[in-house]
Each structure stands twice: as C-alpha cells, then as structure tokens.
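Asks: Structure in structure tokens, see below.
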Amino acid sequence: MSFVDYDNLCATIGDWLARDDLTAQIKDFVWLAECDIQRKVRFRDPQDKIFQGSTVDGQEWLSLPGDYAEGGLLRWTSDDNQPILEVGSIDVVDTLQRDRNRGFTGTRLRAGFLWGDRLYIGPSPGDLTFDLFYKSGVQHMGQDISTNLILQEYPDCLLYGALGTSAPFLGADERLATWGPLYERALEETQMAEWRARTGHGTLRMRPDVKVF
C-alpha cells in the first residue's frame with residue numbers, strides 16, 4: 001500500500017503488523033517515531049516564529065504550538081511589569097508556586113520548564129497574554145495534519161521507526177531484530193540527506209578566520 005498521507009501510513013503499519021485492532025496504538029507508534037527522528041535529525045531551515053496566546057487563570061501551564069522545536073523566550077504582552085520568562089528547573093517553579101500558595105505577595109513570574117507539549121510556569125500566571133518566540137520543527141501528523149516533511153521525504157524511516165516502537169507494546173521484542181537495523185539504516189541516510197541539503201554537495205574546505213570590522 002502506498003502511504004502518501006497519515007491515514008495510509010497508519011493502515012500500512014497495521015498491514016505490516018498483521019493487526020486490525022490497533023488503530024489508537026498505531027497513532028502512538030507514529031508519534032513516538034516522529035519524536036525519535038526529530039531528536040536525531042537536524043532538519044533543514046528551521047524557522048523563527050512567534051506564537052501569540054493567553055494563559056488561563058488557575059492553570060499553571062500553557063500549550064506549546066504544534067510545530068514547536070526549541071524555544072527562545074516568552075514575553076508577556078498584557079503586563080509590562082512581568083519579566084521575560086526564563087526557563088529553569090522544575091524545582092524552581094515548585095518553590096515559587098509554594099510561595100504563592102502560602103500567601104506571599106509580589107512574587108513575579110520568573111521561571112518555567114518544558115514538559116511534553118506544555119510549558120509549566122511558576123507561580124501560575126492568571127490571565128495574561130503573551131508572545132512566545134521559538135524555533136519551529138516538523139509538525140506531528142494527526143487528524144488535522146495529513147503529512148509532513150518526514151513522511152514526504154523519508155517515508156521508509158518513519159515506517160520502520162513506527163514498527164520498531166510497536167515491539168515493546170506488542171511484547172514482540174524479537175521483531176526488533178528485523179525493524180531495528182532497517183530503521184537505523186534509514187535514519188542514517190535521513191541524517192546524511194538533511195546534512196547535504198544544508199551544506200550543499202561540494203567538498204568541504206578549510207577557510208581562515210576573517211575579522212569583520
């Protein structure tokens with residue numbers, strides 16, 4: 001079966017696994033494969049973007065945009081007194097939140113940490129609007145996104161990666177002996193293709209440092 005979009009890919013994985021009862025789980029396999037590929041491949045031309053959103057009173061986190069890859073900073077637009085958010089450790093956020101809960105006043109938002117597809121903030125911000133400056137990556141496929149760069153350019157890598165992530169769930173670790181090498185080879189070729197796309201096909205040359213005045 002040709003897997004030119006997300007639904008075809010999921011159906012193909014079901015065929016390769018010879019299972020028709022894993023509809024929800026196959027979507028998880030694809031998502032996990034996308035995560036692993038994006039961690040290991042530096043895709044070309046990351047884009048600088050700004051995501052405008054708002055926090056919810058009583059909620060200590062905000063959802064990251066679907067194509068979030070890595071962040072720069074978060075600037076509050078509805079309260080100039082709040083500093084630009086610095087991403088710290090979970091312990092710092094927890095301490096600030098406990099201070100707020102004990103009734104300490106004047107504690108400003110000054111720490112946050114990433115967890116999954118959320119940015120947690122301490123203390124919880126209340127109702128504020130913000131601009132999030134970030135680097136975009138490859139969007140995960142789903143109901144509203146039928147394809148992405150990985151599926152378009154490297155479908156074999158995504159297929160073998162998803163099949164590999166299925167083995168622990170299915171208790172079929174012996175299948176990793178088949179899917180693992182196929183995925184590693186496709187992943188290596190994906191890394192090389194993206195490297196060539198960024199650097200060109202010419203030979204590498206050493207250049208002396210040039211001082212710019």
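Matching residues to (1) closer than 29 Å to LEU32 by Cβ; (2) modelled with pLDDT of 60 or more:
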{"position": "LEU74", "(1), (2)": "yes, yes"}
{"position": "GLY88", "(1), (2)": "yes, no"}
{"position": "THR95", "(1), (2)": "no, no"}
{"position": "ASN101", "(1), (2)": "no, no"}
{"position": "GLY116", "(1), (2)": "yes, yes"}
{"position": "THR129", "(1), (2)": "no, yes"}
{"position": "LEU132", "(1), (2)": "yes, yes"}
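Asks: Could you list, in sequence order, all residues of the range 103-114 that are modelled with pLDDT under 75 and under 16 Å from TYR134 (Cβ atoms)?
Replies: GLY112
Asks: Exactly one of (1) more than 20 Å from the chain's Cα centre (by Cα); (2) crowded, with 16+ Cβ neighbours inside 10 Å; (3) closer than 24 Å to GLY72 by Cβ; (4) at pLDDT 90 or above is unmet by GLU60. Its number?
Replies: Among (1) more than 20 Å from the chain's Cα centre (by Cα); (2) crowded, with 16+ Cβ neighbours inside 10 Å; (3) closer than 24 Å to GLY72 by Cβ; (4) at pLDDT 90 or above, GLU60 violates only (4).
Asks: Next up: Run ILE50 past the list (1) within 19 Å of the chain's Cα centre (by Cα); (2) aliphatic (A, V, I, L, M); (3) under 17 Å from LEU170 (Cα atoms) and report the number of the one that doesn't hold.
Replies: The number of the failed condition is (3).
Asks: In addition: Please enumerate the residues belonging to the range 144-181 that are out of contact with any Leu (no Cβ under 7 Å at 6 or more places or on another chain) and polar (S, T, N, Q).
Replies: Selection gives SER146, THR147, ASN148, GLN152, THR178.
Asks: Of everything in the range 164-200 that's aromatic (Phe, Trp, Tyr) and in contact with a helix residue (DSSP H, G or I) (Cβ under 7 Å, 6 or more places away or on another chain), which residue is surrounded by the most Cβ atoms within 10 Å (Cβ to Cβ)?
Replies: TYR183
Asks: Could you tell me how many of the residues in the range 17-63 are assigned to a strand (DSSP E or B) and either without any contact (Cβ under 8 Å) to a residue 12 or more places away in the chain or hydrophobic (A, V, I, L, M, F, W, C) (or both)?
Replies: Matching residues across the range 17-63 total 4.
Asks: How about the range 64-73: which of its residues are among the small types (Gly, Ala, Ser) and part of a strand (DSSP E or B)?
Replies: ALA69, GLY71, GLY72
Asks: Please state which one of GLY161, GLY142, GLY126 is buried (at least 17 other Cβ atoms within 10 Å of the Cβ) and of a type in the set (Gly, Ala, Ser).
Replies: Selected residue: GLY161, the only one of GLY161, GLY142, GLY126 that is buried (at least 17 other Cβ atoms within 10 Å of the Cβ) and of a type in the set (Gly, Ala, Ser).
The values are calculated or read from the model by the stated rules, or taken from the named source; none is laboratory data. Here the structure is a predicted model, which means the values were calculated and not measured. FYI the Cβ positions are ideal-geometry reconstructions off the backbone, even for glycines, and counts take in every protein chain you see.
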